[in-house]
Amino acid sequence: MVANPPTPQQVREDLLLRRQKIVSEMGSADRIARQHDRGRLTIRERIDKLLDPGSFREIGTFAVSEMHEVRDRTPGDGKIGGWGKIDGRPATVAGDDVTVLHGSSSVVGGKRQKRIYEHAMEQGVPYVYFGETGGARLPDALGSEGFSKISPSLESGRRRRRIPMATAIVGESFGGSSFHSAFSDFTTQVRGSALNVSSPRVIEIATGELISLQDLGGVDIHLDLTGQIDQSAESEEEAIEQIKSFLSYLPSNCWEAPPTLDGYDESDPDPRIANIVPTRRQRAYDMHRVIERIVDDGEMLELKPRFGRSLITTLARIGGQSVGILASNPMFNAGALDPNTCDKATQFICMCEAFNIPTVWLQDVPGFIVGSQPEHARLLHKAIMFLEALSLMTVPRMTVVMRKAFGLAYFSLSGNSMDNSLITAWPGAEISFMDPGVGVNVVHAKDIANATDPDAERQRLIDEWTLGHEPWGAAGLMNLDEIIDPADTRRWLLESLQRFPVSIPRRGEVKELASWPTCV
């Protein structure tokens, strides 16, 4: 006797029960509890905190491993994600589910992840990833048959910054999720997590080197040494807020303008800004204080704040419009450029160019740092890569020389003849091939040595050289657009942003600089 087929209501109830079981139990209740005991959220909880309430639509809910023997304990196959909204704007999100075989990378999980990414590219919306995986799944990936099924994704390499991509490293991250972070425009890492290609155990076996997880890829390593993260967070909730903040400055894709906020068009003179900057070029000060006087509400999102510290790269708004700011920071190496600042700046301007964000350049730079160490760290190639990227920029660029700008660094930080939309200087700013003190020592060494009072003669020559370095000569030859009152800096930048709108590419077009490698 043939049983009666289920009714539509029974089919629907079965679907809801299956989905509820997968969503609520994940890898198992014990593994969920273990994740909470470590002070960490599950991937589903992370997604719920990132996306607007009720907006998440999962893709691939019923995926399981292709290996029959583990199908009953691999719901989702270690990866979870789908569509949703972040602050009302469409987005896609995916991440590793450590309750299922440590979130390891596998064939079906990889297909699910790829499908979500393809949707992001097709829709033209941001893609966010939560990284916490033990790497490739073993023993599935061993042998030619298994290993050839989990090759690296070419899709991420072909993104060409058409959509924003952001990653939060929220646990121990090896292999796949660490690759996601390197492809991303923005990466934040939660303190206590680790971001590595290989684990300490693999390194020990392969090389004999003993190193802890934190010394290999902890937050401080990447903030200070590698520059492979843009921000750090003390909690997962903070990391999620950082991603939301980052995306708020960017358009959904490269064919749109960034969102603009209303009510920030005031430009009253601010005489306090000049008091921040000492007149003596040798005295240090914190450029962040200057930026706070220029941008809306003093708010900014600085990227890589502890890497290449002599140059600040930060997103902010002026008059409600997103801007990327590159600013010398005399608090570190007197603001001199070095190999790390070149890498940092190149990556930043590629992102600004791709997502139609105009840039502001605040100069107080003594030049490029000198010495054998920076030379051996490939300063030459990194400086030229930075200059080459600058030459390909098309977004508006507004430059202010505040106190000094010497050597090639002046042009590298968007000096005159670099296709600026606007180039200005404060009165008293010095622009020249080199610092007057250095130049006098080089050119007039004999005159100083033979003088009755060498110190007085040296100071006299420095004062004489300094007069020739002031901006009036450059302005007289129209190599500066204007010498401005420091109090009017925000007004000049605000009006320039209004007068020089970004040219948005047509759908399907991609700017040349947007295709530069993400890692530089």
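The values are calculated or read from the model by the stated rules, or taken from the named source; none is laboratory data. No experiment lies behind these values; they were computed from the predicted model shown. Cβ atoms come from the backbone with ideal geometry, glycine included; neighbour counts cover every protein chain shown. Note: accessible area is taken over every heavy atom of the protein model, side chains too, but ligands, DNA and RNA are not part of it. Shrake-Rupley method; radii C 1.70, N 1.55, O 1.52, S 1.80 Å.
Results, tabulated for the structure shown:
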{"item": "Any hit, the stretch 107-129, residues being closer than 26 Å to ARG40 by Cα, part of a helix (DSSP H, G or I) and small (Gly, Ala, Ser)", "result": "yes"}
{"item": "Exclusive hit being at pLDDT 95 or above and open to solvent by 10 Å² or more (accessible area, probe 1.4 Å), set ASN356, ASN340, ASN329", "result": "ASN340"}
{"item": "Residue check, GLY371 open to solvent by 30 Å² or more (accessible area, probe 1.4 Å) and either modelled with pLDDT of 70 or more or within 19 Å of SER310 (Cα to Cα) (or both)", "result": "yes"}
{"item": "Residue within the stretch 227-235 that is free of Cβ contacts under 8 Å to residues at least 12 places away in the same chain and either of a type outside the set (Lys, Arg) or open to solvent by 10 Å² or more (accessible area, probe 1.4 Å) (or both) present", "result": "no"}
{"item": "Any chance VAL64 is over 38 Å from the mean Cα position of the chain (by Cα) and under 11 Å from VAL100 (Cα atoms)", "result": "no"}
{"item": "Within the stretch 117-145, tally of residues that are crowded, with 24+ Cβ neighbours inside 10 Å and at pLDDT 75 or above", "result": "9"}
{"item": "Residue check, LYS49 in a helix (DSSP H, G or I) and either surrounded by 12 or more Cβ atoms within 10 Å (Cβ to Cβ) or among the aliphatic types (A, V, I, L, M) (or both)", "result": "yes"}
{"item": "Single residue of THR466, THR518, THR489 found to be surrounded by 16 or more Cβ atoms within 10 Å (Cβ to Cβ), at pLDDT 70 or above and in a helix (DSSP H, G or I)", "result": "THR489"}
{"item": "Among the residues listed as SER148, SER173, SER153, the single one being open to solvent by 10 Å² or more (accessible area, probe 1.4 Å), polar (S, T, N, Q), out of contact with any Lys or Arg (no Cβ under 7 Å at 6 or more places or on another chain) and at pLDDT below 95", "result": "SER148"}
{"item": "Where ILE276 falls short, out of the listed (1) under 30 Å from ARG159 (Cα atoms); (2) surrounded by 13 or more Cβ atoms within 10 Å (Cβ to Cβ); (3) out of contact with any Pro (no Cβ under 8 Å at 6 or more places or on another chain)", "result": "(1)"}
{"item": "Pairs with Cβ under 9 Å, 6+ apart, first in the stretch 1-28 and under 19 Å from GLU58 (Cβ atoms), second modelled with pLDDT of 95 or more and assigned to a loop (DSSP other than H, G, I, E, B)", "result": "MET26/THR42"}
